Amino acid sequence: MYLLARNICRGPVRQASYRIHDPLLMCNEQPLQGALENRFGVFTVNQSTVSYRQQQEEVNAYFQSQSSSWKDIYAENSVQAEIYRARQARALAWIDELTLAPGSHVLEVGCGAGFLSVALAQRGLRVHAIDSAKAMVELARQHAAESGIADLLSVDVGDVYDLAFKDESFDLVFALGVIPWLARPELAMHEMARVSRPGGHVLLSADNRVALHLLLDPATNPALTPLRRAVKPIFKRIGLLHQSQGRTAETLHNSHFIDEALGNAEFIKTRSITLGFGPFTFLYYKFFPKFLGIALHRHLQRLADRNLPLFRSSGSQYLVLARKSASVPSDRSISAGKTVSKTVKVQ
């Protein structure tokens, strides 16, 4: 697993996060420019040479080029698609339980093809959806038009680090599948807090770095990184390392990092779960056929839902709902480390 300690240069959050790609098994995968390797084999980022804005541009370009596949993935017959559908269903159930009044203002950050935004607009909520990729915005607009709820759903290109909305504009802000693609998630959370009304809610998901399917594969278990580093030269000499094209990778976080970052943004966690098991691999090789992988995911999810130890904390997705403290001043933004004035008013 591409280990990357995310040393935050602002704020008290100091925990590590992890890139999915593993340089020990992919000989062309390089750490970010400016990364320094410490004696534990962990790459720490020198923020003076690595811009989180530059990293975000790479992510935006990836989603711009892959928009059609992200639209179709929810309909696929695969473990990953099953997990995404389960995540969306659980998020909708939690939002329904908030009993937001019709016409409540909701913001989706990273709307993708707009499936969740459309579902909430169909419930009578006034949804504002943004995405950093223009292709995703067009897909979401098309979906909104086809669903007949364009009057309740607006979709625009937006920047999670600099949300174009006034303070305390929204009753709910949610971002599913966004945190893993952010170089500075704590900045994004502060921006979400700024545009949230006191007593409002934020709903986020993160990719769990202690997911069961990662721990069981020696190629992705973080505890085995020193061993993988030791055998890499041997594998390279005998030609067992495969070439990587260096595609954009998600970042894994543990739940404590997410919870602490939310707390620092003055959110109070109200509920959380992990969900999704698989696809299980051995040295990246998927050894379960799709139907067995889906069945195993569903069985393990039932165990997790029963709150059994190990399973309750080892799903691939960490889903968390938090409420904004009613006494938080929201007239300042820490986007890019400075106060920012906003210009868009939610009507």
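The lone criterion from (1) among the hydrophobic types (A, V, I, L, M, F, W, C); (2) under 25 Å from E58 (Cβ atoms); (3) surrounded by fewer than 19 Cβ atoms within 10 Å (Cβ to Cβ) left unmet by A101 is number (2).
Of the residues screened, Q80 is one that is surrounded by fewer than 19 Cβ atoms within 10 Å (Cβ to Cβ), in contact (Cβ under 8 Å) with a residue 12 or more places away in the chain and under 16 Å from the mean Cα position of the chain (by Cα).
Being surrounded by 18 or more Cβ atoms within 10 Å (Cβ to Cβ), β-branched (V, I, T), free of Cβ contacts under 8 Å to residues at least 60 places away in the same chain and in a loop (DSSP other than H, G, I, E, B) is a property that V160 has. Taking segment 307-341 only, how many residues are among the aliphatic types (A, V, I, L, M), closer than 22 Å to V202 by Cα and at pLDDT 70 or above? So the count comes out to 5. Taken together, R141, R197 contain a single residue that is in contact with a strand residue (DSSP E or B) (Cβ under 7 Å, 6 or more places away or on another chain), surrounded by fewer than 20 Cβ atoms within 10 Å (Cβ to Cβ), in a helix (DSSP H, G or I) and of a type outside the set (F, W, Y), which is R141. In this entry, A219 is excluded by the filter for residues that are buried (at least 21 other Cβ atoms within 10 Å of the Cβ) and farther than 23 Å from A265 by Cβ. Within the set V155, V210, V202, the sole residue that is under 28 Å from G276 (Cβ atoms) and not in a strand (DSSP E or B) turns out to be V210. Against the list (1) under 30 Å from V155 (Cβ atoms); (2) modelled with pLDDT of 95 or more, the condition A304 fails is (1). Candidates in segment 115-138 are the residues that are charged (D, E, K, R) and either touching a His at 6+ places or on another chain (Cβ under 6 Å) or not in a strand (DSSP E or B) (or both); of these, the one that is surrounded by the fewest Cβ atoms within 10 Å (Cβ to Cβ) is K134. Figure legend. Inter-residue proximity from segment 102-116: first residues within 16 Å of R197 (Cβ to Cβ), second residues of a type in the set (D, E, K, R) and at pLDDT 95 or above, beta-carbon distance below 8 Å, spacing 6+ or different chains. Indicated pairs: G103/R126; S104/R126; S104/D171; H105/R126; H105/D171; V106/R126; V106/D171. All of A249, A223, A230 fail the test of being in a helix (DSSP H, G or I), modelled with pLDDT under 90, closer than 24 Å to G278 by Cβ and not hydroxyl-bearing (S, T, Y), apart from A223.
Please work out if G112 is assigned to a loop (DSSP other than H, G, I, E, B) and either polar (S, T, N, Q) or modelled with pLDDT under 70 (or both). Walk me through how you get there before you give the answer.
Working: assigned to a loop (DSSP other than H, G, I, E, B): yes; either polar (S, T, N, Q) or modelled with pLDDT under 70 (or both): no.
Against the criterion (assigned to a loop (DSSP other than H, G, I, E, B) and either polar (S, T, N, Q) or modelled with pLDDT under 70 (or both)), G112 does not qualify.
Yes or no: R237 more than 24 Å from the chain's Cα centre (by Cα), modelled with pLDDT of 95 or more and basic (K, R)? No: the conditions fail for R237. Test each condition in (1) more than 17 Å from the chain's Cα centre (by Cα); (2) under 28 Å from A129 (Cβ atoms); (3) touching a residue at least 12 places away in the same chain (Cβ under 8 Å) for N208 and report the one that comes out false. Looking at each condition in turn, N208 falls short on (1). Within segment 48-67, the set of residues being modelled with pLDDT of 70 or more and outside any helix (DSSP H, G or I) comprises S51, Q66.
The values are calculated or read from the model by the stated rules, or taken from the named source; none is laboratory data. From a predicted model like this one, the values you see are computed outputs, not experimental measurements. Reconstructed Cβ throughout: ideal geometry from the backbone, glycine too, with neighbour counts over all protein chains shown.
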